[in-house]
Amino acid sequence: MEGNVRVLRKVPVSCIRAGMILPDDLYSRDGKALLIRAGETVTEELITKLNKMGTKDNFVMTYETSWRVISGEGAMSAEQRQQRAEDEAGYTALKEAVQNLLTRISETAENSFQETEVVASAVISKISSAELGELLRCIDTPREMDEGLQRHSLNVALLNGMMAHWMHFSGIDVSRIVVGGLLHDVGKTRIPVEILMAARGLTAKEREVIKQHPVYSYDIVHKGFDSAICDVVRHHHEKLNGTGYPDGLTGDEISLFARITAIADVYDAMVSARSYKASRLPFDILDQMVQGEFKGLDQHLTAVFVRNMKHVFKRSEVLMVDGSVGVVAYIPPNDISHPIVVTEKGPRQTDERWYCSEVADMLH
Ligand SMILES: [Fe+2]
């Protein structure tokens, strides 16, 4: 289906600089109002005008050629683009707050309840104010294993909060499950770094040491936090089939919050591993989750998670392996790893040779 399909792409106003000459027209977020004509030089006055439009997150729309100029593609490395996206989404500031919190909690949990509530509130308000696609762009970035606990802890808290939102939890329960996500791995601060960061296969004995981290997390938080939160930190590695740790719980012995946290934990670990290639993209992870490849997860909750994540990823921008940019138009329920992507050439289903190399929503 070749043709002159022109896809409008979203760009943040903050990425538009005075002096840019854009090869395509620039439109309002709904694509209806022409804001800057193709070939017109962007001035400070025009940028001020765009900023004053006051849309929720201040995006405008343009076509691919201008999108590439604005995104600075080629001028910035993928890491620089990622950093910038994280800064602008407010993710970097949250990550720093989580780092400070984990340091404090690992020293003394008893007096840290209020500080934790402040960080949890910031996470919850980020979920309700930001576009979830923008947050997933931050969550899904591949990263070095040794980046530290703060990113994983924040990601699990964000994913827990999204699930709580999708499942219409009450305010107090949203807060509990987000705090559980923030603190679930704090016990890793007690695992020797040479084991935690080992760039090699671990010995059986070392694996047993790692498996103690939920117990350490529980030890750290149990005097300062309520029982639902303590339960999440202790039981986020339990599996319904009884093969999890540290207590080998089965079925109904595992709480709803711990089951949700297990899903968030697996998703974040799988999607963000630095060694990922195409098969590690979110679509593939979600597909594997649906297929039940991660044993012991609650399949009903997994289905809720996957259904809502698919909804968020629909209309995401993706970079294709051939360098083209597309928008996810449809994710087949029985073939999640092969979404239909619309590029300038029209809609096409991804396959082994033509696949998404990056989910690039808000790429800039
Ligand atoms: Fe863990």
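The values are calculated or read from the model by the stated rules, or taken from the named source; none is laboratory data. Everything quoted here is computed from the prediction, not taken from an experiment. A quick note on method: Cβ atoms are made from the backbone with ideal geometry, for glycine too, and the neighbour counts reach across all protein chains shown. Heavy atoms of the whole protein, side chains included, go into the accessibility calculation; ligands, DNA and RNA do not. Shrake-Rupley method; radii C 1.70, N 1.55, O 1.52, S 1.80 Å.
Do we have any residue at all in region 151-160 that's outside any helix (DSSP H, G or I) and β-branched (Val, Ile, Thr)?
no
For the condition open to solvent by 30 Å² or more (accessible area, probe 1.4 Å) and touching a helix residue (DSSP H, G or I) at 6+ places or on another chain (Cβ under 7 Å), what is the one hit in 237, 300, 311? Outline the logic, then answer.
On the way: 300 fails: touching a helix residue (DSSP H, G or I) at 6+ places or on another chain (Cβ under 7 Å); 311 fails: touching a helix residue (DSSP H, G or I) at 6+ places or on another chain (Cβ under 7 Å).
Checking each option against the conditions leaves just 237.
Just for region 338-360: of the residues that are open to solvent by 10 Å² or more (accessible area, probe 1.4 Å) and under 18 Å from the mean Cα position of the chain (by Cα), which one is farthest from residue 84 (Cα to Cα)?
357
All but one of (1) more than 18 Å from the chain's Cα centre (by Cα); (2) touching a residue at least 40 places away in the same chain (Cβ under 8 Å); (3) within 14 Å of the ligand (Cβ to nearest atom); (4) surrounded by fewer than 22 Cβ atoms within 10 Å (Cβ to Cβ) hold for residue 196; state the number of the condition that does not hold.
Unmet condition: (2).
Only one of (1) more than 16 Å from the ligand (Cβ to nearest atom); (2) open to solvent by 20 Å² or more (accessible area, probe 1.4 Å) is not met by residue 225, so which one is it?
If we test residue 225 against (1) more than 16 Å from the ligand (Cβ to nearest atom); (2) open to solvent by 20 Å² or more (accessible area, probe 1.4 Å), just (2) comes out false.
Check residue 124 against each of (1) away from the ligand (no atom under 16 Å from the Cβ); (2) modelled with pLDDT under 95; (3) part of a helix (DSSP H, G or I) and name the one condition it does not meet.
Only one criterion in (1) away from the ligand (no atom under 16 Å from the Cβ); (2) modelled with pLDDT under 95; (3) part of a helix (DSSP H, G or I) is unmet by residue 124, namely (2).
Looking at 131, 79, 88, 110, which one is within 29 Å of residue 190 (Cα to Cα) and out of contact with any His (no Cβ under 7 Å at 6 or more places or on another chain)?
Details: 131 fails: within 29 Å of residue 190 (Cα to Cα); 79 fails: within 29 Å of residue 190 (Cα to Cα); 88 fails: within 29 Å of residue 190 (Cα to Cα).
Exactly one residue qualifies, and that residue is 110.
Looking at (1) away from the ligand (no atom under 16 Å from the Cβ); (2) surrounded by 14 or more Cβ atoms within 10 Å (Cβ to Cβ); (3) within 16 Å of residue 157 (Cβ to Cβ), can you tell me which one residue 171 breaks?
Here residue 171 clears every test but (2).
Of the residues 246, 214, which is in contact (Cβ under 8 Å) with a residue 24 or more places away in the chain, within 14 Å of the ligand (Cβ to nearest atom), assigned by TED's automatic domain parsing to the domain that holds residue 152 and within 26 Å of residue 97 (Cα to Cα)? Don't jump to the end; show me each part of the working.
Working: 246 fails: within 26 Å of residue 97 (Cα to Cα).
Just one listed residue meets the conditions, 214.
If you scan region 319-337, which residues turn out to be crowded, with 18+ Cβ neighbours inside 10 Å and farther than 30 Å from residue 168 by Cβ? Explain how you work it out, then say what you get.
Initially, region 319-337 is screened for residues crowded, with 18+ Cβ neighbours inside 10 Å, giving 320, 325-328, 331, 336-337.
Correct list: 320, 325, 326.
Could you go through region 261-268 and let me know if any residue there is among the polar types (S, T, N, Q) and exposed (fewer than 15 other Cβ atoms within 10 Å of the Cβ). Talk me through it step by step, then tell me what you get.
Keep residues of region 261-268 that are among the polar types (S, T, N, Q), which gives 261.
With exposed (fewer than 15 other Cβ atoms within 10 Å of the Cβ) added as a condition, the list becomes none.
Within region 261-268, not a single residue is among the polar types (S, T, N, Q) and exposed (fewer than 15 other Cβ atoms within 10 Å of the Cβ).
Specify which of the listed residues (149, 183) is touching a residue at least 24 places away in the same chain (Cβ under 8 Å), within 20 Å of residue 236 (Cβ to Cβ), within 16 Å of the ligand (Cβ to nearest atom) and open to solvent by 30 Å² or more (accessible area, probe 1.4 Å). Give the derivation first.
On the way: 183 fails: open to solvent by 30 Å² or more (accessible area, probe 1.4 Å).
None of the others qualify; the one that does is 149.
Results for (1) surrounded by fewer than 11 Cβ atoms within 10 Å (Cβ to Cβ); (2) at pLDDT 85 or above; (3) of a type in the set (S, T, N, Q), shown as yes or no for each residue.
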position	(1), (2), (3)
22	no, yes, no
35	no, yes, no
38	no, yes, no
55	no, no, yes
58	no, no, yes
65	no, no, yes
76	no, no, no
